[in-house]
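S.K.: Before I ask anything, let me first share the structure, which is written out below as C-alpha cells.
Read-outs throughout are calculated quantities, based only on the coordinates presented, and are distinct from any laboratory measurement. All values reported here derive from a predicted model rather than from experimental measurement. Using ideal geometry, Cβ is built from the backbone for each residue, glycine included, and neighbour counts are taken over all protein chains shown.
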Amino acid sequence: MPNIAVEISYELYNPTIQAIDVLLLEKRLDQNLLYLRDAPLQESRVPFDMTPVPHPPNTPVPINTKKVKLLPPPWKFKWFLHGYRGIDDSMFDYLSPKQLDEMKTKLTLVDRYDLMKMYRSRPCVEDKQIAFGHVHLQHQDLIRYHEQRRQQLIERYQASKTPSKAPVRGTG
C-alpha cells in the first residue's frame, strides 16, 4: 500500500469531529493545490508518526515556497490553464504548442479582470505629469478662447440693444 494516495476532505462543521490537531501550519504559493494529484506521492505525504510543530501565536504563517515537479503526462488536471506559482517551470517543456496557445488565450482572458495588472501597466508618475501639463496648457487656451468669444458676443448684443441716435420724427 505504499504507492496509494488518499485524498481526505473533512467538513469543518461536522458534529462527529471533536478535535483538530495541527501538525504543521504553513501556506503554499497557491490556494488551490489540485495539481498535487499529478505530483509524486512524497510531495504531499504526511508521515503517521509526525510530531506537531508548534506555531507561536500572533506570528505570520510561514509560506512554503517549494516548487513541485509533476509526473509526466497524462495529467488529471489542466494545471497550465490556471497560472499556478507552485509548479516547477521545467514542467512547461511537456506542453504541446496547442496547450501553450490555450494557456496564453486563457490567461489573457483572465487579465481583463486583473486590476493590479492594469494599474501597473499604466504610465509612471513623471509621464502622467508631462501629459497633464500638456492637457492643462490646452485647457487654459480653450478657456481663454471661450472667454474672448463670450466678450465678443456680449459686446455685439449690447451694441444691438442700444437705441440708435437717429432723429425721431414726430407724427402729427
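S.K.: For the range 100-144, just run the numbers: alpha carbon Rg, then divide by 2.2 N^0.38 Å, N being how many residues it has.
M.R.: Its radius of gyration relative to the 2.2 N^0.38 Å reference: 1.90.
S.K.: Collect residues whose amide H, placed 1.01 Å from N in the peptide plane, falls under 5 Å from the amide H of ILE87; neighbours closer than 5 in sequence don't count.
M.R.: Long-range HN contacts for ILE87: VAL68.
S.K.: Right, another one. Compute the angle between helix 125-161 and the longest alpha-carbon principal axis of the chain, please, reported from 0 to 90 degrees and rounded to the nearest 10.
M.R.: Between helix and principal axis, roughly 30 degrees.
S.K.: Across every pair of different alpha-carbon atoms, what Kirkwood hydrodynamic radius in Å does the range 22-139 reach? The partial results should precede the final answer.
M.R.: Details: mean 1/r = 0.0544 Å⁻¹.
For the range 22-139, inverting the mean 1/r across all distinct Cα pairs yields 18.4 Å.
S.K.: Now a separate question. In the chain, which longest range has no GluC sites (Glu not before Pro) that are both DSSP loop (not H, G, I, E or B) and surrounded by at most 15 other Cβ atoms within 10 Å? Walk me through the numbers on the way to the answer.
M.R.: Details: sites that count: GLU7, GLU11, GLU26.
Of all site-free stretches, the longest is 27-172.
S.K.: So what are the ³J(HN,Hα) numbers for the range 9-15, from phi and the Karplus equation (6.51, -1.76, 1.60; θ = phi - 60°), rounded to whole Hz, Gly and Pro as x?
M.R.: 10, 10, 7, 5, 9, 6, x
S.K.: Quick one: LEU23, LEU95, fewest Cβ neighbours within 10 Å first, how do they rank?
M.R.: On the way: LEU23 10, LEU95 14.
Going from least to most buried by this count: LEU23, LEU95.
S.K.: Using DSSP to call loops (not H, G, I, E or B), can you name the trypsin sites (Lys or Arg not before Pro) in the range 1-70 whose Cβ has at most 15 other Cβ atoms within 10 angstrom?
M.R.: Working: sites: LYS27, ARG28, ARG37, ARG45, LYS66, LYS67, LYS69; in loops: ARG45, LYS66, LYS67, LYS69.
Answer in residue order: ARG45, LYS66, LYS67, LYS69.
S.K.: Here's another thing I want to ask about it. Only loop residues by DSSP count here, and only those with at most 16 other Cβ atoms within 10 Å; note down the trypsin sites (Lys or Arg not before Pro) in the range 85-168 that meet that.
M.R.: Details: sites: ARG85, LYS98, LYS104, LYS106, ARG112, LYS117, ARG120, LYS128, ARG144, ARG149, ARG150, ARG156, LYS161, LYS165; in loops: ARG85, ARG112, LYS165.
When the trypsin sites (Lys or Arg not before Pro) of the range 85-168 are filtered for loop state and at most 16 Cβ neighbours within 10 Å, ARG85, ARG112, LYS165 remain.
S.K.: Measure nothing but the geometry: give the 0 to 90° angle between the long axis through the Cα atoms of 97-111 and the longest principal axis through the Cα atoms of the chain, rounded to 10°.
M.R.: Approximately 50 degrees, to the nearest 10.
S.K.: Would you order SER160, SER9, SER44 from fewest to most other beta-carbon atoms within 10 Å of each residue's own beta-carbon?
M.R.: The fewest-first ordering by Cβ neighbours comes to SER9, SER160, SER44.
S.K.: Pairs LYS27/LYS69; LYS66/LYS106; LYS27/LYS98; LYS104/LYS128: which are spaced more than 23 Å apart, C-alpha to C-alpha? Display every interim value, and only then the final one.
M.R.: On the way: LYS27/LYS69 18 Å; LYS66/LYS106 25 Å; LYS27/LYS98 33 Å; LYS104/LYS128 30 Å.
Checking Cα-Cα distances, LYS66/LYS106; LYS27/LYS98; LYS104/LYS128 exceed 23 Å.
S.K.: Quick one: order ILE87, ILE20, ILE8 by neighbouring beta-carbon count within 10 Å, fewest to most.
M.R.: Working: ILE87 22, ILE20 7, ILE8 4.
By the 10 Å Cβ count, ascending: ILE8, ILE20, ILE87.
S.K.: Here's something else I'd like to know. Looking at the chain, which longest stretch skips every one of the chymotrypsin sites (Phe, Trp or Tyr not before Pro) that is in a DSSP loop with at most 11 other Cβ atoms within 10 Å, leaving the sites themselves out? Provide the component values of the computation, followed by the final result.
M.R.: Details: sites that count: TYR10, TYR13, PHE48, TYR113.
Formally, the longest exposed-site-free interval is 49-112.
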